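K.L.:
Before I ask anything, let me first share the structure, which is written out below as structure tokens.
The values are calculated or read from the model by the stated rules, or taken from the named source; none is laboratory data. A quick note: this is a predicted structure, and the numbers were derived from the prediction, not measured. Backbone-built Cβ (ideal geometry, glycine too); neighbour counts: all protein chains shown.
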Amino acid sequence: MTDALVLENVSKWFGGLHAVEDLTMNIPKGKIVSLIGPNGAGKTTVFNMITGVYPPNKGSISFKGKKLNHLKSNRIISQGIARTFQNIRLFKSMTVLENVQVGMHCRTKSGAVRALLKTRFETREERVIVDKSMGILEYLGLAEAHNEYAGSLPYGDQRRLEIARALATGPEILLLDEPAAGMNPMETVELMELIRKLRDTGLTIFLVEHDMKLVMGISEIIAVLDHGQKIAEGPPAEIQKNEKVIEAYLGSGLDD
Ligand SMILES: Nc1ncnc2c1ncn2[C@@H]1O[C@H](COP(=O)(O)OP(=O)(O)O)[C@@H](O)[C@H]1O
Ligand SMILES: [Mg+2]
């Protein structure tokens, strides 16, 4: 099995706080891998290190065998890593379509700023971008809303639009930070199907999520963080029975 992403002995400290401590983890290509754990466990910090928001204090992160440490975020995105954010970060006063177009510009020759100059070459490129962006919106069931302001969409649709924008960067791995947060049960089921469908196209999924029905239902491997340390890793059936995990995180509330 080939690994897409490999974290080796990765640590991140904020002053005296060890947000992530000595984390080693492999995310195999084409799989759905989840990272779970209580609030403050360090999950978002892991995503922030992978995507170059800040470098780890120790350890190494590699993608397809190439080290990512100290690369800037835009370089990391162009390697094929995309993410969504725990707190939705859309351009709320831009349209749904424009939000996806912005994602796509990181892959084009013109770039977002130069595209504003609209030379003939860029205009042609722009048309391709619109077509591709509409294709992605269709895939996510958002095509009809393409002309609406992102900020006016219902919450669940905004979460899916974030995924659309991430997909527009043409990723090989997609990092999803609590994508089901604020979704109703029906939207969550649809999200689950969407994540599976994306995985089936060959995309690798690295998921942070609190909704245990979602996590247990779709993950092939689950790693559990507690106070920055990995306390368990394995398939869902194993994680659900793990005493340390039950004590630190799952409690007895799994069937609620
Ligand atoms: N930029 C930062 N500066 C200082 N402390 C931070 C920063 N980011 C996260 N932390 C702290 O690191 C710990 C892990 O946070 P986080 O990764 O957001 O946890 P999770 O996503 O698992 O809820 C928390 O105690 C949090 O307050
Ligand atoms: Mg978080």
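K.L.:
Note down all Cβ pairs under 6 Å where the first residue falls in segment 187-208 and is on the phi > 0 side of the Ramachandran plot, the second is more than 16 Å from ligand 1 (Cβ to nearest atom), and they're at least six residues apart or on different chains.
P.N.:
So the pair list comes out as G202/G30.
K.L.:
May I pose another question? Does M186 satisfy the condition of being in contact with a Pro (Cβ under 6 Å, 6 or more places away or on another chain) and more than 16 Å from ligand 1 (Cβ to nearest atom)?
P.N.:
no
K.L.:
Okay, next question. Go through segment 19-64 residue by residue and tally those that are farther than 14 Å from A223 by Cβ and of a type in the set (D, E, K, R).
P.N.:
Going through segment 19-64 one residue at a time, the tally reaches 3.
K.L.:
For segment 52-63, enumerate the residues that are within 17 Å of R83 (Cα to Cα), away from ligand 2 (no atom under 13 Å from the Cβ) and in contact with a Ser or Thr (Cβ under 9 Å, 6 or more places away or on another chain).
P.N.:
The answer is G52, Y54.
K.L.:
Which of the residues belonging to segment 121-159 are of a type outside the set (A, V, I, L, M) and surrounded by 22 or more Cβ atoms within 10 Å (Cβ to Cβ)?
P.N.:
S133, R159
K.L.:
Also, I was wondering about something else. Residues in segment 173-219 that are over 16 Å from the mean Cα position of the chain (by Cα) and under 19 Å from I239 (Cβ atoms): how many?
P.N.:
So the answer is 4.
A quick yes/no check of all residues on (1) in contact (Cβ under 8 Å) with a residue 60 or more places away in the chain; (2) assigned to a strand (DSSP E or B); (3) within 28 Å of L214 (Cα to Cα):
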{"site": "T44", "(1), (2), (3)": "yes, no, yes"}
{"site": "P55", "(1), (2), (3)": "no, no, no"}
{"site": "S60", "(1), (2), (3)": "no, yes, no"}
{"site": "L71", "(1), (2), (3)": "no, no, no"}
{"site": "F85", "(1), (2), (3)": "yes, no, yes"}
{"site": "S93", "(1), (2), (3)": "no, no, no"}
{"site": "G103", "(1), (2), (3)": "yes, no, yes"}
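K.L.:
Look at segment 30-42 and say how many of its residues are in contact with a His (Cβ under 8 Å, 6 or more places away or on another chain) and in a strand (DSSP E or B).
P.N.:
Matching residues across segment 30-42 total 1.
K.L.:
A further question follows. Of the conditions (1) more than 22 Å from L203 (Cα to Cα); (2) part of a helix (DSSP H, G or I); (3) among the hydrophobic types (A, V, I, L, M, F, W, C), M49 fails just one. Which one is it?
P.N.:
(1)
K.L.:
Quick check on segment 157-165. Is at least one of its residues of a type outside the set (S, T, N, Q), in a loop (DSSP other than H, G, I, E, B), out of contact with any helix residue (DSSP H, G or I) (no Cβ under 6 Å at 6 or more places or on another chain) and over 20 Å from T51 (Cβ atoms)?
P.N.:
Checked against the condition, which is being of a type outside the set (S, T, N, Q), in a loop (DSSP other than H, G, I, E, B), out of contact with any helix residue (DSSP H, G or I) (no Cβ under 6 Å at 6 or more places or on another chain) and over 20 Å from T51 (Cβ atoms), segment 157-165 yields no hits at all.
K.L.:
How many residues are at pLDDT below 95, in a loop (DSSP other than H, G, I, E, B) and surrounded by fewer than 18 Cβ atoms within 10 Å (Cβ to Cβ) if we restrict to segment 169-200?
P.N.:
Of the residues in segment 169-200, 4 are at pLDDT below 95, in a loop (DSSP other than H, G, I, E, B) and surrounded by fewer than 18 Cβ atoms within 10 Å (Cβ to Cβ).
K.L.:
Let me ask you something else. Which of the following residues is in the same structural domain as G228 (by TED's automatic domain parsing), within 16 Å of ligand 1 (Cβ to nearest atom) and surrounded by fewer than 19 Cβ atoms within 10 Å (Cβ to Cβ): P56, P38?
P.N.:
The match here is P38.
K.L.:
Pull up segment 1-60, narrow it to residues that are among the charged types (D, E, K, R) and over 18 Å from the mean Cα position of the chain (by Cα), then point me to the one that is nearest to S78 (Cα to Cα).
P.N.:
Ranking the candidates gives E8 first.
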